[in-house]
Amino acid sequence: MALLFDLLKTDHREVKGIMTVLASQDEPDIDMVQELCEKLKLHMKLEEQYFYPALEEYPETAELAQESYLEHQEAKKLIKAIEKGDLDDTELKVKLEMLNLAVTHHVEEEENNIFRKAKQVLSDEEIEEIGNDISAKKEEAQRV
């Protein structure tokens, strides 16, 4: 049953680690910035494809799913601005810090509230199926 939440938490930790390193750099490592953006985009895509639609099925979690979509939109806008590549180091650092704040807020909300409520409304089978779907798609994406 824990696969779903373990997968999402692992992504959260990986992204946090990358953001911590980037925040310590005077000139952000562009390869690391790209890795961060790719990890976040895949993570958000999979949550939006598998996790949030399941949450939308239940009145207790539908609003949380909607809020999560909105928070993802904010992160996607920042990622798009970062990936345009026309920022100087200072502008890039500001955008990365904004992304860090947005992602940190989202992760805290997800891990401290959404996961708990998801465990209350989703069946063990649903949780397992969503976890398996996300795991398979992540493996597929890593092979590409």
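Gain on full extension, evaluated as 0.36 nm per residue between Glu35 and Lys76 minus their Cα-Cα distance, stands at 13.3 nm.
The dipole here belongs to the chain: it is taken about the Cα centre, uses +1 on the Cβ of Lys and Arg and -1 on the Cβ of Asp and Glu, and is about 120 debye. The trypsin sites (Lys or Arg not before Pro) of segment 1-110 include none that DSSP puts in a loop with a beta carbon having at most 16 other beta carbons within 10 Å. Once the Cα-Cα distance is subtracted from the 0.36 nm per residue extended length, the Glu108 to Leu42 segment shows a gain of 21.9 nm.
If you rank Arg116, Arg143 by how much accessible surface each has, with a 1.4 Å probe, what is the order from largest down?
Largest accessible area first, the residues go Arg143, Arg116.
For the pair Tyr69 and Glu140, the difference between a 0.36 nm per residue extended length and the Cα-Cα distance amounts to 23.2 nm.
Of the accessible area of segment 50-107, with the probe set at 1.4 angstrom, what percent is carbon plus sulfur?
So the carbon and sulfur contribution to the accessible surface is 56 percent.
Bridging of Lys93 to lysines at a Cα separation below 27 Å is possible for Lys9, Lys16, Lys39, Lys41, Lys45, Lys76, Lys77, Lys80, Lys84, once same-chain residues fewer than 8 apart are set aside. Taking Cα atoms only, the orientation of helix 30-46 departs from the longest principal axis of the chain by about 20 degrees. Computed over protein heavy atoms with a 1.4 Å probe, the accessible surface of segment 27-144 works out to 58 Å² per residue. On the basis of the beta-carbon distance and an R0 of 35 Å, Glu126 and Leu101 show a calculated FRET efficiency of 0.65.
The values are calculated or read from the model by the stated rules, or taken from the named source; none is laboratory data. A quick note: this is a predicted structure, and the numbers were derived from the prediction, not measured. Positions of Cβ are generated from backbone atoms using ideal geometry, with glycine treated the same way; all protein chains shown enter the neighbour counts. Surface areas here come from the heavy atoms of the whole protein model, side chains and all, with no ligands, DNA or RNA. Shrake-Rupley method; radii C 1.70, N 1.55, O 1.52, S 1.80 Å.
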